[in-house]
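Single-structure report; data block below.
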Amino acid sequence: RRLEAARLLRQGRLSQAEIARQLGASRASVSRWAATLAQDGQRGLEARPIPGRSPRLDEKAWVRLGRLLDRGAMAAGFATERWTLKRIAALIECEFGVRYHPRYLERPLRAHGFSVQRPATRARERDELVIAVWPKRDWIALKKSRSGRSARSSSGTRPATASGRGQVRPGPGVG
């Protein structure tokens, strides 16, 4: 819009207010662009680089990092195959000479298409075979209802009687 405004201002056919209306900009912006055009020429209105620190790793480095991560943690010299942010930070520092703090590495990883996986915590005593058999063997036995008896409420109350009152049954261990 700035460059289009510069073209229209140089033609001199339209007022700043008409240019603002035509480009969908504020009158103050067009006035500021006109002053910049008069002082610095068209170069003053060209896009400027975005301020801020440049990225530490370029796109080629991120692609290379992806290949290194795909090879596995043991191939990178670690004792196990588990990638942690600390290990990835160490790999980046070793391979690229760029230092990332592990705590702040998650965001750039996600921005470049990597997903952070959090391991599920499981008991060491967990027995997968017993877990696989349980639904077939035990759940069927538990699911069968008692024959001849009506299901009772889990609160320990009886259904309401004709008088409208239910009677509370004492729970286990109450004597």
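Miscellaneous remarks
Yes/no per residue for (1) in contact with a Ser or Thr (Cβ under 6 Å, 6 or more places away or on another chain); (2) of a type outside the set (A, V, I, L, M, F, W, C); (3) surrounded by 13 or more Cβ atoms within 10 Å (Cβ to Cβ); (4) touching a residue at least 12 places away in the same chain (Cβ under 8 Å):
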{"position": "19", "(1), (2), (3), (4)": "no, no, yes, yes"}
{"position": "22", "(1), (2), (3), (4)": "no, yes, yes, yes"}
{"position": "35", "(1), (2), (3), (4)": "no, no, no, no"}
{"position": "74", "(1), (2), (3), (4)": "no, no, no, no"}
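- The sole residue among 73, 111, 132 that is closer than 30 Å to residue 1 by Cβ and of a type in the set (A, V, I, L, M) is 111.
- Residues of the stretch 37-71 satisfying the condition of being at pLDDT below 90 and open to solvent by less than 60 Å² (accessible area, probe 1.4 Å): 37, 41, 44, 45, 57
- Qualifying position, being without any contact (Cβ under 8 Å) to a residue 40 or more places away in the chain and not basic (Lys, Arg), among 81, 46: 81
- When residues of the stretch 89-126 are limited to those that are within 17 Å of residue 72 (Cβ to Cβ) and open to solvent by 100 Å² or more (accessible area, probe 1.4 Å), the one nearest to the chain's Cα centre (by Cα): 117
- Test: residue 84 is closer than 30 Å to residue 2 by Cα and surrounded by 12 or more Cβ atoms within 10 Å (Cβ to Cβ): no
The values are calculated or read from the model by the stated rules, or taken from the named source; none is laboratory data. Values in this document were obtained by computation on a predicted structure and should not be read as measured data. So basically every Cβ, Gly included, is an ideal-geometry build from the backbone, and we count neighbours across all protein chains shown. Accessible surface areas use protein heavy atoms only, side chains included; no ligands, DNA or RNA. Shrake-Rupley method; radii C 1.70, N 1.55, O 1.52, S 1.80 Å.
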